[in-house]
Amino acid sequence: MGILDSKVPAGPLADKWTNHKNHIELVNPANKRNIDIIVVGTGLAGGSAAATLAELGYNVKTFCYQDSPRRAHSIAAQGGVNAAKNYQGDGDSVYRLFYDTVKGGDYRSREANVYRLAQVSTNIIDQCVAQGVPFAREYGGLLDNRSFGGVLVSRTFYAKGQTGQQLLLGAYAAMNRQIQRGKIKSYTRHEMLDMVLVDGKARGIIARDLVTGEIERHSAHAVVLATGGYGNLFFLSTYCMGANVMAAWRAHRRGAFFANPCFTQIHPTCIPVSGDHQSKLTLMSESLRNDGRIWVPKRLDDAKAIREGKLKPIQLKEEDRDYYLERRYPAFGNLVPRDVASRAAKERCDAGFGVNKTGEAVYLDFAAAIYRYGKEEALTHGMKGADDKEIIKLGKQVIENKYGNLFQMYEKIVDENPYETPMMIYPAVHYTMGGLWVDYNLQTTIPGCYAAGEANFSDHGANRLGASALMQGLADGYFVLPYTIGDYLSQDIRTGAISTDSPEFDAAEADTRARLEKLMSGKGLHSVDYYHKKLGKIMWNKCGMSRNAKELQEAIDEIAELRADFWENVRVPGTAVSKNQELEKAGRVADFLELGELFAKDALTRNESCGGHFRDEYQTPEGEALRDDENFKFVSAWEYKGEPKEAVLHKENLVYENIELKTRSYK
Ligand SMILES: Cc1cc2nc3c(=O)[nH]c(=O)nc-3n(C[C@H](O)[C@H](O)[C@H](O)COP(=O)(O)OP(=O)(O)OC[C@H]3O[C@@H](n4cnc5c(N)ncnc54)[C@H](O)[C@@H]3O)c2cc1C
């Protein structure tokens, strides 16, 4: 076991980033023209990084598996992006955003990174507004904000329920400018299958053209992985269907350490699972918790009657409802962080209070907000004698203006009108805080290989607060990586173009071809989805919202067994030299089958509860997560050694000099 060097600069917290930028090496503009950078992934992190690096003058090649960068998973982001602008005058500051994020992550993130994130958060908003991102505005024209969980201020900037889409259009437009200038060469429908190291440095990738099936070699002086998160490991999640861990896992197999794989965010407000036929879950944005109240019936017999269709939720009197978040956490109420809200929903459903047929749903109710807004509107419009019907009509309009597209989505999926009857929600896998370990410069343990956005182990510790993934991805891409990568590339100004005609590229390509061949040669007993679903069930049941040593050990054994079966018996029809979506899926699931085992091993090693990692054995008498700061105040970074059971743990000890470590409380 070794100790990792995070390369956090010395000096006072607030000055670290500025001092670092002032002292790292630069590459002059003429030399930038001779340097090539590969950016794999063109979501918000990769898109913003690629556009900025090209604007700086580097030659950039981008890769994504979709048919356009415009279709990256980032487009799904609904609720908003945080920034410490304090536009509301409600006491926000860089320090408070930093503090909330460290506390939100249950004190398992790196102080210096989080502080830098909070500092550059304000630049993100300016940058995006300049690009024309249509953030919501107040009546007077100023940018509007709303609140997200785990904080007591309003600092979330949003564009209705489509914030990711609008931000991605901004980044995509910035990329397009560079594509037109010839500074970005964009490879769409291309999947990175391996990373190539020359003299220990990342010097390129092996990619497959997903349309023709051709294997290609691409070289560069540095490789940036911005390939998103790995929540699809659970099969059912709110991620896009293609989201995967392949690029990060290939880098891991080549020497990049994988950090905190078991830190996963389970989002409390998703549309509940309806049956075994499903392949995808849908998020109902956290922004809805600004106005929606979460409840279940107080009495078990009422819950049973609702489940059996004998009672409707709107028939239940106020005093018969248990607004359990408001009851348990009066200070934060419905806006407690996601891990806390998710566990509380599970606790109520496990106790028999669930409200859908499977007993795995709670209500998110807008009736009170509709009435409150309606009254306000009636007063504003001088309708002093408005009756309840008029008030409710006005209130519904306000709610529609705020969340209309989310309500419409819910109605289309569930076939119930959420303006009339409370939404049903349940927690689902939504985000992965784990990822490639990176130092302060966002460099992995492979020199020249960088990771940005959700693909790195990030700044979120053991739980991500809402609206902070977009902030981190854009901070990495627009404002951090373009500086820090220059420090590394300044050593490469005399290197010249990297040839793809080298033994290292030969070997990596041969490995890739052999792996594809192996995937094609299974006995054909079961489809790829068969294995993916089985893996997902193990993950959800044994490594999900709560974990314990016995079940984690079972998961490790079961996943290893499933992996062996997969390689022997999987069925991949078609050929490897043409378009073959089953082959694409097979490659991704093969990596999930390794990551899943490492995930369980990481969770088993961490004998404490923190954030989204809840071990049954480590909880307070009130059922809250019980951290062990003395023994587990570290980032676990795993080194690949073959089978996941051989992976070696390295630790990055976390130092808190500017924040007091406390028991996380939202009461
Ligand atoms: C439904 C939903 C709503 C959300 N809402 C919010 C929100 O309101 N606020 C917030 O802060 N966060 C939100 N999030 C989280 C946030 O959207 C993501 O964390 C973030 O967008 C990830 O961005 P990224 O650039 O790191 O990765 P992604 O957007 O996932 O992009 C990954 C890129 O990598 C490419 N790629 C992957 N593997 C390969 C490979 N092997 N070869 C080539 N290319 C590859 C893909 O093609 C894609 O271009 C939400 C998430 C979901 C699921």
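Some points to look at:
- Checking the Cα-Cα distances for Lys317/Lys346; Lys304/Lys537; Lys357/Lys579 against a 30 Å cut-off, the pairs over it are Lys357/Lys579.
- Listed by chain and number, the lysines whose alpha-carbon sits under 17 Å from that of Lys384, ignoring those within fewer than 8 places in the same chain, are Lys375, Lys393.
- Helical mean residue ellipticity (222 nm; -39500 (n - 2.57) per DSSP H run of 4+; nearest 500) of the chain: -12000 deg cm²/dmol
- Atom-type composition of the exposed protein surface of the chain places 49 percent of the accessible area on carbon and sulfur (1.4 angstrom probe).
- Mean Cα-pair separation over length for region 269-427, i.e. relative contact order, pairs under 8 Å, 6 or more apart, %: 29
- Cα point-scatterer Debye curve for region 347-414, base-10 log of I(q)/I(0) at q = 0.15, 0.18, 0.25, 0.26 Å⁻¹: -0.63, -0.76, -0.99, -1.02
- Note that the chain presents 38 Å² accessible area per residue, ligands and nucleic acids not counted, probe 1.4 Å.
- Spatial offset of region 571-595 relative to region 428-490 amounts to 27 Å, using the alpha carbon center of each.
- Relative contact order (percent, whole number), region 516-629, Cα cutoff 8 Å, 6+ residue spacing: 33
- Area accessible to solvent at Leu525, 1.4 Å probe radius, in Å²: 100
- Per residue, the convex hull volume that the Cα atoms of region 1-61 enclose (Å³): 159
- About the Cα centre, charge dipole magnitude for region 516-629 (Lys/Arg +1, Asp/Glu -1 at Cβ), debye: 580
- Its residue count N fixes a reference of 2.2 N^0.38 Å for region 516-629, and the Cα radius of gyration divided by that reference is 1.29.
- Of interest is the spacing of the C-alpha centroids, which for region 357-402 and region 7-85 amounts to 43 Å.
- Mean Cβ count within 10 Å, highest first, over the residues of peptides 598-604, 548-554, 344-350: 598-604, 344-350, 548-554
- Fraction of the pair-distance distribution of the chain above 47 Å, Cα-Cα pairs, percent: 14
- Mean-position separation - Cα centroids, region 612-667 and region 109-179, in angstrom: 30
- Label sites at Ile493 and Asp67, each approximated as a point 7 angstrom past Cα along Cα to Cβ, lie 4.4 nm apart.
- Against the rule of thumb 2.2 N^0.38 Å, how large the Cα Rg of region 246-380 comes out: 1.32
- Crossing angle, helix 163-181 versus the chain [Cα axis fit, 0-90 degrees, rounded to tens]: 30
- Farthest positive-ward along the chain dipole, Cα basis, beta-carbon charges - from Tyr478, Trp540, Leu233: Tyr478
- For the peptides 128-141, 432-445, the ranking by mean Cβ contacts within 10 Å, running from highest to lowest, is 432-445, 128-141.
- Note: relative contact order over the chain, using C-alpha pairs below 8 Å and six or more positions apart, is 21 percent.
- Classification of region 444-533 by its C-alpha gyration tensor yields an oblate form. The axis ratio a/c (a ≥ b ≥ c) is 1.5 or more, and b/c is at least a/b.
- Protection proxy ranking, peptides 333-343, 68-78, average beta carbon neighbours within 10 Å, highest first: 333-343, 68-78
- Excluding same-chain neighbours fewer than eight residues apart, the aspartates and glutamates reachable from Lys402 by a Cα-Cα span under 20 Å are Glu138, Asp144, Glu286, Asp291, Asp365, Glu376, Glu377, Glu390, Glu411, Glu416, Glu420.
- The chain - share of DSSP beta bridges that are antiparallel (%, nearest 5): 70
- Whether region 392-446 is rounded, prolate or oblate, judged on the alpha carbon gyration tensor where a/c under 1.5 counts as rounded: prolate
- Given Lys85/Lys667; Lys21/Lys601; Lys201/Lys585; Lys396/Lys542, the pairs whose alpha carbons are separated by over 31 Å: Lys21/Lys601; Lys396/Lys542
- Average silhouette area of region 194-306, convex hull of alpha-carbon atoms, in square nanometres: 11.6
- Space enclosed by the convex hull of the alpha-carbon atoms of region 166-229, per residue, Å³: 121
- Shape call, region 1-142: gyration tensor on alpha carbons, a/c limit 1.5: oblate
The values are calculated or read from the model by the stated rules, or taken from the named source; none is laboratory data. Not measured: the values here are computed from a predicted model. Positions of Cβ are generated from backbone atoms using ideal geometry, with glycine treated the same way; all protein chains shown enter the neighbour counts. These accessible areas exclude ligands, DNA and RNA; they are computed on the full protein's heavy atoms, side chains included. Shrake-Rupley method; radii C 1.70, N 1.55, O 1.52, S 1.80 Å.
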